[in-house]
Amino acid sequence: MEDPFEQWKRYLLPLPHEITFEGDVECHPEAVSVEVKPGAEPAEKNAAAILEALCLRAARDAAQAGAEEAGDTPPGGAFVIAIGLVNGGPDADRLSRLPNCEQAYTIRPEGRRLVLAALSGRGITYAARTLHQLLEPGLSPGRIRIPLVSVTDWPDLDERGMWNFPTPEEWIPWMASMKLNYGKMDSTELSTVERGKPNHARIDRALMQKARLLGFNYVPLITHLNFLHDRGLFRAYPELAGKGDGALAGRYFAHKEGNRHRAPCASNPLLVDILEEWMADIASQGASEVGCWLTERPAQCACDDCTAVGQFVLESRAFVTAWKRIRPRFPDFDLRVFLSTTTSERDYRVLAELPPEVKVGRACATEMERVLHLPRDLTANPLLDYHASQGRWIASYDVPVNANGRVETPEFKVPQSSPHRIRDYVGHLIRRQYSGAFGMMAWVTMGRETCGYNVAALAEYAWNLNGRTEREFAIAWATREGYADVEAFADWSELTGPVAFDVYDSDFPVCYSWGKAVEMVRRKQRPYLGEGMFRYYENEASFEEKVDACRRAIQIASEFESPDCANETRVVMTYVELARRVYDVAENVATRDLADPDVQTELQAAIESLEAAGESNVAAIRHWRGTLGPEPWHNRVHDAIRGTESTVREIARFLRERYIN
């Protein structure tokens, strides 16, 4: 028999760790009072305001509907929601023993009362968020159903959030509503450096404080040190420019063009002076910490002092020295260091030297940490994993909320809805005892439409990894999104999610954008199922199995009011078909006698099938994105289209010129 309160649970995202229901009461919204103790902290008052606004909405709807439409006043008298921080007693004792207890909370019924308790403002905010989600389905004009619910809850990971996200004014409240609690503060402005003058930094203090009330940590930053030429650093202080061509950090393939970004001479004490002034400005504006980014890519100043120690060790020393200098003035100001991305050069020494309270972040490390394993790959970094196991705060920014698994690549903007992939990666981080899990997007337009489902999956599984299956999560998400048939949506997600995982975790998109598929054919390299772009294709039948799953998913999604799910699945399906046709061509070239006219005829047919698959893929991407909105589209949509077109064109051209008579 179905749990009578299961429908209520479906409105919760993320699902609490411990939750039971004793019943419910129904009353007029004006009979509900939300109480805080005298002298309550701002977070307590804000939590109360969140719930009061919901009750006011129900009362306003009743007034607008009129007495006749609203019906009789529900029975029962007043109901109290009591909100408060605790520093002693049974609630405090239990909460203090929970993981990440600063964010933990309890909700418990006491007659016609619900008591919300936590050790901190962030915890009480999360308690209010949970109750808000539970109250939403029970609202109607003039009536409110209140569950008599007992909750004890905490997050599996300390920080959960996004590295890049558009319109913080909109995204922060949305993310905070799902208990995501981290984002980098893109609005941090470092002043242009002028020789002999003080250096300043400005942050969006109002937005930071608003985020804090929502339980969200909007962290100011000092950008990658090899980007400081943009702030006039080397023009003002030429002696700070890293010496030699080795100091040029280059750029990601994804960046395509622009400056090669010279790293600074990190042994020069002037660098510490400038960093100190920026940090002090940030701290003076009310920030509780700052994120400091080492040079982004491999680089090394060639001066004797720098080469004696190493670029990244000296850069981390500069940040720590500047931070220690301002600590007497700002004793509660914290530091987090973001390691260099595509290199782990001397990370062992950086970690050994960092004070234990300094947080450490890592990104663009997916391929560096990948361990081939069936049925799914593992991730491991012995150095970072050891430090995490010893209590060091370490976070990864590589949660694959978008189609790419490697953020340093030319990131394609194509659709992926796969809570299976999100849960898999977040699970690795939790088992590795990491403290933070963040996703990254390289675009701002249509970010929520493209990645919203996966961002919600990050919120779910970074909070409570083992609370729900992927299907149960899909049902909860569809319930909150207002789908008419949530079971059908879950059917769609269960079909398309694993296939999207297979497609986008198989050397995507570098197999297309870097010409790797083309090179495989040119070299007559036999394609190996289980590796590279065929990583999750166990045998030749796997292609058709995945296409069949997509066909069934499209059939289900065709009944949805929105075409987005069906359009997305067509993109995924055409990538499977494209991979199949690349495999067929490569297998023919590697294993057949291409001088044989009959083989050439077969090869010509395989090339034509490849071209047809490429056209279908391009058409599916265009249709998916066109339905979301008209041009101009982000260039990464066009990158995806060009990746397919160039792969197909170059393979076909090479083979026809070389082997087709």
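The values are calculated or read from the model by the stated rules, or taken from the named source; none is laboratory data. The model shown is predicted, which means the values in this text are computed figures rather than measured ones. Here the Cβ positions follow ideal geometry from the backbone for every residue, glycine too, while neighbour counts run over all protein chains shown. These accessible areas exclude ligands, DNA and RNA; they are computed on the full protein's heavy atoms, side chains included. Shrake-Rupley method; radii C 1.70, N 1.55, O 1.52, S 1.80 Å.
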Number of the exception - Ile144 against (1) farther than 30 Å from Lys359 by Cα; (2) modelled with pLDDT of 95 or more; (3) not small (Gly, Ala, Ser) = (2)
What residue, among those in the stretch 471-494 that are surrounded by fewer than 22 Cβ atoms within 10 Å (Cβ to Cβ) and in contact with a Ser or Thr (Cβ under 8 Å, 6 or more places away or on another chain), is nearest to Glu545 (Cα to Cα)?
-> Arg471
Conditions (1) in contact with a strand residue (DSSP E or B) (Cβ under 9 Å, 6 or more places away or on another chain); (2) modelled with pLDDT of 95 or more; (3) not charged (D, E, K, R); number of the one not met by Gly23 = (2)
Leu134 vs. criteria surrounded by fewer than 22 Cβ atoms within 10 Å (Cβ to Cβ) and at pLDDT 95 or above = no
Quick check: anything in the stretch 214-236 modelled with pLDDT of 95 or more, loosely packed, with under 15 Cβ neighbours inside 10 Å and assigned to a helix (DSSP H, G or I)?
-> yes
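Report, by residue number, each residue of the stretch 575-602 that is part of a helix (DSSP H, G or I) and among the small types (Gly, Ala, Ser).
Initial filter on the stretch 575-602 (part of a helix (DSSP H, G or I)): 575-591, 597-602.
Once the filter is applied, which keeps residues that are part of a helix (DSSP H, G or I) and among the small types (Gly, Ala, Ser), the stretch 575-602 yields Ala579, Ala586, Ala590.
Which residue out of Pro563, Pro597 is closer than 17 Å to Ile621 by Cβ, touching a residue at least 12 places away in the same chain (Cβ under 8 Å) and open to solvent by 40 Å² or more (accessible area, probe 1.4 Å)?
Pro563
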Pick out, from the stretch 490-558, the helices (runs of 4 or more DSSP H) lying fully within it that include 3 or more residues that are under 21 Å from Arg592 (Cα atoms).
-> 516-522
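Could you tell me whether Pro75 is surrounded by fewer than 19 Cβ atoms within 10 Å (Cβ to Cβ) and modelled with pLDDT under 95? Break it down into steps so the answer makes sense when it comes.
Details: surrounded by fewer than 19 Cβ atoms within 10 Å (Cβ to Cβ): yes; modelled with pLDDT under 95: yes.
Yes, satisfied.
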Take the residues of the stretch 363-399 that are open to solvent by less than 70 Å² (accessible area, probe 1.4 Å) and among the polar types (S, T, N, Q): which is modelled with the lowest pLDDT?
-> Thr366
Leading residue by the ranking (nearest to Cys364 (Cα to Cα)) among those in the stretch 283-304 that are within 23 Å of the chain's Cα centre (by Cα) and open to solvent by 30 Å² or more (accessible area, probe 1.4 Å) | Arg297
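Just for the stretch 179-213: of the residues that are among the aliphatic types (A, V, I, L, M) and not in a helix (DSSP H, G or I), which one is modelled with the lowest pLDDT?
Going through the stretch 179-213, the residues among the aliphatic types (A, V, I, L, M) turn out to be 180, 185, 190, 193, 201, 203, 206-208, 211, 213.
Add one more test, that the residue is not in a helix (DSSP H, G or I), and what stays is 180, 185, 190, 193, 201, 203.
Details: Leu180: 98, Met185: 93, Leu190: 96, Val193: 96, Ala201: 97, Ile203: 97.
The extreme case among them is Met185.
Restricting attention to the stretch 19-53, which residues are outside any strand (DSSP E or B) and either among the polar types (S, T, N, Q) or open to solvent by less than 40 Å² (accessible area, probe 1.4 Å) (or both)?
Step one: filter the stretch 19-53 for residues outside any strand (DSSP E or B), giving 28-31, 37-53.
Pro29, Ala31, Ala40, Ala43, Glu44, Asn46, Ala47, Ala48, Ile50, Leu51, listed by residue number.
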For Gly614, state whether it is in a helix (DSSP H, G or I), buried (at least 21 other Cβ atoms within 10 Å of the Cβ), at negative phi and at pLDDT 95 or above.
-> yes
Which of (1) modelled with pLDDT under 95; (2) touching a Leu at 6+ places or on another chain (Cβ under 7 Å) is the odd one out, the single condition Pro632 does not satisfy?
-> (2)
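Does Ala553 satisfy the criteria of being touching a Cys at 6+ places or on another chain (Cβ under 9 Å) and either at positive phi or among the small types (Gly, Ala, Ser) (or both)?
yes
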Please go through the stretch 532-556 and pick out each residue that is in contact with a Leu (Cβ under 9 Å, 6 or more places away or on another chain) and closer than 27 Å to Arg658 by Cα.
-> Glu540
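Yes or no, residue by residue, for (1) open to solvent by 20 Å² or more (accessible area, probe 1.4 Å); (2) modelled with pLDDT of 95 or more:
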| position | (1), (2) |
| --- | --- |
| Asn259 | yes, no |
| Ala263 | no, yes |
| Glu276 | yes, yes |
| Asp281 | yes, yes |
The lone exception for Asn402 - which of (1) among the polar types (S, T, N, Q); (2) more than 24 Å from Ala553 (Cβ to Cβ); (3) free of Cβ contacts under 8 Å to residues at least 60 places away in the same chain it fails | (2)
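Quick one: count up the residues across the stretch 110-129 that are of a type in the set (Ser, Thr, Tyr) and buried (at least 23 other Cβ atoms within 10 Å of the Cβ). Walk me through how you get there before you give the answer.
Step one: filter the stretch 110-129 for residues of a type in the set (Ser, Thr, Tyr), giving 120, 125-126.
Keeping just the survivors that are buried (at least 23 other Cβ atoms within 10 Å of the Cβ) gives 125-126.
Residues flagged as of a type in the set (Ser, Thr, Tyr) and buried (at least 23 other Cβ atoms within 10 Å of the Cβ) within the stretch 110-129 amount to 2.
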